[in-house]
Amino acid sequence: MSVVETVTEVSQALPTLKLHAGGQEQKTESYSYANLLPYFSPEQYPPLTPFKHEDPGFRALKHADPRAFLKNATSVVELTPNLGTEVHGVNLAALDNEGRDQLALEVARRGLMVFRGQHEFIDRGPDSYLEWGRHFGRLHIHPTSGHPKDYPQIHLVYKDAKSSYNFEREDSITSTVWHSDVSYELQPPGLTTFFLLSQPTTGGDTLFTSQISTLKKLSPSFVAFLRTLSAVHSGVEQAQFSRSGKRGGIVRREPVEHVHPLVRRHPVTGEEALYVNRQFTTRIVGLKREESETILKFLYDHVDKSADLQARVKWQPGTVVLWDNRVTAHSAIVDYGKSNERRHGARITPQAERPIPALEGLELPSL
């Protein structure tokens, strides 16, 4: 039996199984989100082609009140001074196009927004997810992850007692891997929407950090140097991980590598942000290996250790989280494995512009 057949068979069995204490499987009611379980289609996709991205945040800048979509909120609380806002009382499913534009601008400004009580949004299903995501950009199809059957634009994360389709390293002492989603693409994502369909009783939180703030912590002369640099972001390791038989064992589009500036400028807010991540950045262009490794290790450690610049999202049923991949990094926390509970999440991932260098005129070589 092939990897694809095995994974599909497991997915089809999951809705009628539940793990209880002691690891014994017992029949239970059908899983409410069985139609959104991971499916690994063997279909192959051609390389992505460039496109012109028009950020909806630009339109919100022209509104008389760019935060009008929050006027009926019952609670708007900043999670940290540098990053994140938690909102109660706003129904994302009811936002019109103008409200979505305003949301895009607010996410760009705050980096991260957490909306509670979004059961209507989540339960509207995959066609609604696609309509939502297309407002913010061209939807990305992940080259290796599972997706709901017939909906390859919806990226899924999944882990239960018997399987994991997450990108995990068993040989590491930590599950924390800071990254910006699929930064190896020529046009990586901008505003991203993510929610859990099923979650463990405790654990499975998500960490976020502000890459605007990590940059601002550095000395001006060092930042000036970083602005002159560009780095390679690679999808090769992720593809090899899948080809080894893990995470579904499928690679639907050949992996790519692209060069992006180390410091990028947000097209709407003008803010500058550090743009490297341990998961996908492999080397700095034009530097010798030891120089590149030293600088990247310093920057990765800076991101890892800057707890004063981070926010932690504790998931609750009905939570929808949006973040701007251009100015944030994040990491899942896989601390719930022994509970044998399911964590099942869906991500809607619109692509944005090719990263804009903070240093005007910086040339980005092709590989």
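The values are calculated or read from the model by the stated rules, or taken from the named source; none is laboratory data. This is a predicted model, so every value here is computed, not measured. Virtual Cβ from ideal backbone geometry, glycine too; neighbours counted across all protein chains shown. Calculation scope for accessible area: heavy atoms of the full protein, side chains included, ligands and nucleic acids excluded. Shrake-Rupley method; radii C 1.70, N 1.55, O 1.52, S 1.80 Å.
Which value at 222 nm does the chain reach when only helices count, each DSSP H run of 4 or more adding -39,500 (n - 2.57), with the total divided by all residues and rounded to the nearest 500 deg cm²/dmol? Don't skip to the answer; put the middle values down first.
Numbers: 9 runs with 82 residues, N = 367.
Counting only the DSSP helices, I get -6500 deg cm²/dmol.
Run the quick spin-label model on Gln240 and Ser219: label points 7 Å from Cα toward the beta carbon, then report their separation in nm to one decimal.
Distance between label points: 3.6 nm.
Please work out the C-alpha center-to-center distance from the stretch 206-234 to the stretch 67-125 and express it in whole Å.
27
Before I look further, what does the stretch 108-163 give for accessible area per residue, probe 1.4 Å, in whole square angstrom?
Numbers: 1970 Å² over 56 residues.
For the stretch 108-163, the solvent-accessible area averages 35 Å² per residue.
Counting heavy atoms of the protein chains only and a 1.4 Å probe, report the per residue accessible area for the stretch 301-362 as a whole number of Å². Could the numbers behind the result be given before it?
On the way: 2280 Å² over 62 residues.
Normalised by residue count, the accessible surface of the stretch 301-362 is 37 Å².
Place +1 on the Cβ of every Lys and Arg and -1 on the Cβ of every Asp and Glu in the chain, take the dipole about the Cα centre, and give the residue among Thr319, Ala273, Ile348 whose Cα lies farthest towards its positive end.
The Cα lying farthest towards the positive end belongs to Ala273.
Mind checking which lysines have their C-alpha under 18 Å from Lys62, skipping anything on the same chain fewer than 8 residues away?
Correct list for Lys62: Lys71.
Taking 20 Å as the cut-off for C-alpha to C-alpha distance, list the pairs among Lys217/Lys297; Lys246/Lys305; Lys216/Lys297; Lys159/Lys314; Lys246/Lys314; Lys297/Lys338 that go past it.
Lys246/Lys305; Lys246/Lys314; Lys297/Lys338
Using 1/(1 + (r/R0)^6) with R0 = 35 angstrom and r between the beta carbons of Ala94 and Gln44, what's the FRET efficiency to the nearest 0.05? Don't skip to the answer; put the middle values down first.
Values: r = 39 Å, r/R0 = 1.11.
The computed FRET efficiency comes out at 0.35.
Taking only the alpha carbons of the stretch 193-335, what extent do you get along each of the three principal axes, in Å, biggest first?
Cα extents, longest axis first: 46, 36, 29 Å.
At what distance in nm do the modelled label points of His53 and Ala34 sit from each other, each positioned 7 Å from its Cα along Cα→Cβ?
It is 3.8 nm.
Would you work out what percent of the accessible area of the stretch 44-178, with all protein chains in place, is carbon or sulfur (probe 1.4 Å)? Intermediate values should be presented prior to the final figure.
Details: 3200 of 6540 Å².
In the stretch 44-178, the share of accessible area belonging to carbon and sulfur is 49 percent.
Please list 282-289, 225-232, 317-324 highest first by mean number of surrounding beta-carbon atoms within 10 Å per residue. Before the final figure, lay out each step's value.
Details: 282-289: 14.5, 225-232: 19.6, 317-324: 22.2.
Per-residue Cβ counts within 10 Å, averaged per peptide and sorted highest first, yield 317-324, 225-232, 282-289.
In the neighborhood of Val157, defined by Cβ-to-Cβ distances under 9 Å, what is the net charge if each Lys or Arg adds +1 and each Asp or Glu adds -1?
+3
At a 1.4 Å probe, what is the % contribution of carbon and sulfur to the accessible area of the stretch 254-355?
Working: 2010 of 3990 Å².
Exposed carbon and sulfur together represent 50 percent of the surface.
If you count the DSSP beta bridges with both ends in the chain, what percent of them are antiparallel, to the nearest 5?
That works out to approximately 95 percent antiparallel.
Tell me, what is the percent relative contact order of the chain, built from C-alpha pairs under 8 Å that lie six or more residues apart?
Across the chain, relative contact order equals 27 percent.
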